[in-house]
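Participant: Before we start, here is the structure in question, set down as structure tokens.
The values are calculated or read from the model by the stated rules, or taken from the named source; none is laboratory data. On a predicted model such as this, the values are computed, not experimentally measured, just so you know. Neighbour counts are summed over all protein chains in view; Cβ atoms, including those assigned to glycine, are modelled from backbone coordinates with ideal geometry. Ligands, DNA and RNA are stripped out before the accessible areas are found, and what is left, the full protein with its side chains, is counted by its heavy atoms. Shrake-Rupley method; radii C 1.70, N 1.55, O 1.52, S 1.80 Å.
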Amino acid sequence: MLVAPFYEEIMFRLPLIFDKKYIIISISIAILFLNKHDLIFAIILLVVFISISTFLLYNKKIKLSNTLEQFWTNHFNIVFYTLCISFGLLHIFNFKEMTTAQAILSPLAAFPQIVMGLFMGYVRIRFNNGLIIAILLHIYQNSITTLWLSI
């Protein structure tokens, strides 16, 4: 209830404001979070990713950083909506043992999380401390949902 919002906001909201470090941190957290059942594999993958991405993004001879920043700036709507929708769709995995019909309809079940992702994304880019506000709102929302489901 407290840890997942932190990881999820770092993965999906931190890179909404372009910075090479934010992208590396975001993907690094995603690697750890999505491979939490195999920590050794996650750490190896993380070391490889950080090494390669640091080389590619900070090497002056390779123009990847400039290209990526231009894409982020020129196509921010694609970046924004991709991250927000991905956040919502990640929550499909909250549902256990789905039937085929439930799996087909699962994007509809994740619709509230997609809307929340859009709202938290707006908070992230609109306010100076947007990431902290988004994390706190996410914790609050999860707390309310958990309390409601426990009744």
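Participant: Subtract the Cα-Cα distance of Y140 and I27 from 0.36 nm times their separation in residues, and report this length gain in nm to one decimal.
Facilitator: Computed gain between Y140 and I27 is 38.2 nm.
Participant: Now for a separate question. Mean residue ellipticity at 222 nm from the helices of the chain, using -39,500 (n - 2.57) per DSSP H segment of n ≥ 4 over the full residue count, to the nearest 500 deg cm²/dmol?
Facilitator: On the way: 8 runs with 118 residues, N = 151.
About -25500 deg cm²/dmol.
Participant: May I pose another question? For a 24 Å ceiling on Cα separation, which of these pairs sit above it: K20/K96; K21/K96; K21/K61?
Facilitator: Table pairs above 24 Å Cα-Cα are K20/K96; K21/K96.
Participant: Within the chain, what's the longest run with no chymotrypsin sites (Phe, Trp or Tyr not before Pro) in a DSSP loop and at most 13 other beta-carbon atoms within 10 Å? Give the range, please.
Facilitator: Longest stretch, sites excluded: 1-94.
Participant: Could you work out how far apart the two model spin labels at S86 and F49 are, taking each label as a point 7 Å from the Cα in the direction of the beta carbon, and quote it in nm?
Facilitator: Placing both labels 7 Å along Cα→Cβ, they lie 1.0 nm apart.
Participant: With a 1.4 Å probe and all protein chains kept in place, how do V79, V48 rank by accessible area, largest first?
Facilitator: Putting V79, V48 in descending order of accessible area: V48, V79.
Participant: Using each residue's phi in the stretch 134-150, evaluate 6.51 cos²θ - 1.76 cosθ + 1.60 at θ = phi - 60° and report the 3J(HN,Hα) Karplus result to the nearest Hz, with x for Gly and Pro.
Facilitator: Karplus values, whole Hz, x for Gly and Pro: 4, 4, 5, 5, 5, 4, 4, 4, 5, 5, 4, 4, 4, 5, 5, 6, 7.
Participant: Share of the chain's accessible area from carbon and sulfur, percent, 1.4 Å?
Facilitator: Details: 7090 of 9960 Å².
Exposed carbon and sulfur together represent 71 percent of the surface.
Participant: Just to be sure I understand, if you calculate mean projected area of the Cα convex hull in nm² for this structure, which of (1) 11.1; (2) 10.5; (3) 9.3 do you get?
Facilitator: (2)
Participant: Something else: Any chance you could look up the accessible area of K63 with a 1.4 Å probe, heavy atoms only, rounded to 10 Å²?
Facilitator: K63 has an accessible surface of roughly 120 Å² with all protein chains in place.
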